[in-house]
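Reviewing the structure listed below.
The values are calculated or read from the model by the stated rules, or taken from the named source; none is laboratory data. Owing to the predicted nature of the structure, the values given are computational and were not obtained by experimental measurement. Counting neighbours? That spans all protein chains shown, and the Cβs are built from the backbone with ideal geometry, glycine included.
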């Protein structure tokens, strides 16, 4: 009778996303990646924990600013700058979309359901699916790609590293990270046509402003005699050879 009651309790509790590490590839991969902490020095674990929590997101913000300083020097930078404006906006929208998703799925953090995980960051009490960090990172990376492919590829690479770190730290399942990548990418790309249609005219208007135009176009230094290579004055042959006239008279 007790067995029947326990089975009924498990059934009424709803489906469990990850309960058995031996039969669930998601949990198997979690243990494999997080298990790498046992062979790494403690200082490296602390460094990865800091990088995964703060460092990579800061690096992506710096990358956006670096791209901005680069594209401003182009002859027509309005479209690229509009793409850079869209990147953080898309990241913010994706995180807002994730709020109801987390509330609907209600997936606990992996360290709450599975023993033996090395937890590198403490204090995580919210739900696990989908990863906010993975969502933010990939939205910024894809937004960068919309503005500039070279910087975008670097940004996407940092986002992938962010996802690995979240699993390594023991705070997310692999599917949490994949879901974050999908959410960040979908939000950025699906809304990009509308966002660019609205942002490009705004950025173009700012570029024409005498006061705020430097935000879009890099100001060029005014031309002065010191900065302009003036052609050397041509010297007449007679002036170059003052004795030439005397020689003609003498002849």
Quick check, is residue 199 surrounded by fewer than 23 Cβ atoms within 10 Å (Cβ to Cβ) and within 22 Å of residue 32 (Cβ to Cβ)?
no
Scanning for something surrounded by 10 or more Cβ atoms within 10 Å (Cβ to Cβ), at pLDDT 85 or above and under 30 Å from residue 205 (Cα atoms), does segment 45-58 turn up at least one residue?
yes
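Looking at 180, 116, 152, 157, can you tell me which residue is out of contact with any strand residue (DSSP E or B) (no Cβ under 7 Å at 6 or more places or on another chain) and under 21 Å from residue 102 (Cα atoms)? So that I can check it myself, show each step before the final result.
Numbers: 116 fails: under 21 Å from residue 102 (Cα atoms); 152 fails: under 21 Å from residue 102 (Cα atoms); 157 fails: under 21 Å from residue 102 (Cα atoms).
Unique residue meeting the criteria: 180.
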Residues in segment 132-141: is at least one over 25 Å from residue 29 (Cα atoms), under 17 Å from the mean Cα position of the chain (by Cα) and buried (at least 22 other Cβ atoms within 10 Å of the Cβ)?
yes
Output yes when any residue across segment 110-119 is within 25 Å of the chain's Cα centre (by Cα) and buried (at least 20 other Cβ atoms within 10 Å of the Cβ), and no when none is.
no
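Looking at segment 66-74, is at least one residue under 15 Å from the mean Cα position of the chain (by Cα), touching a residue at least 24 places away in the same chain (Cβ under 8 Å), part of a helix (DSSP H, G or I) and buried (at least 20 other Cβ atoms within 10 Å of the Cβ)? Spell out how you get there, then give the answer.
So the first thing to find is which residues in segment 66-74 are under 15 Å from the mean Cα position of the chain (by Cα), and the list is 66-68.
In the following step, the residues that additionally are touching a residue at least 24 places away in the same chain (Cβ under 8 Å) were identified as 66-67.
Now drop any that are not part of a helix (DSSP H, G or I), which leaves 66-67.
Now restrict to residues that are buried (at least 20 other Cβ atoms within 10 Å of the Cβ): 67.
Scanning segment 66-74 turns up at least one residue that is under 15 Å from the mean Cα position of the chain (by Cα), touching a residue at least 24 places away in the same chain (Cβ under 8 Å), part of a helix (DSSP H, G or I) and buried (at least 20 other Cβ atoms within 10 Å of the Cβ).
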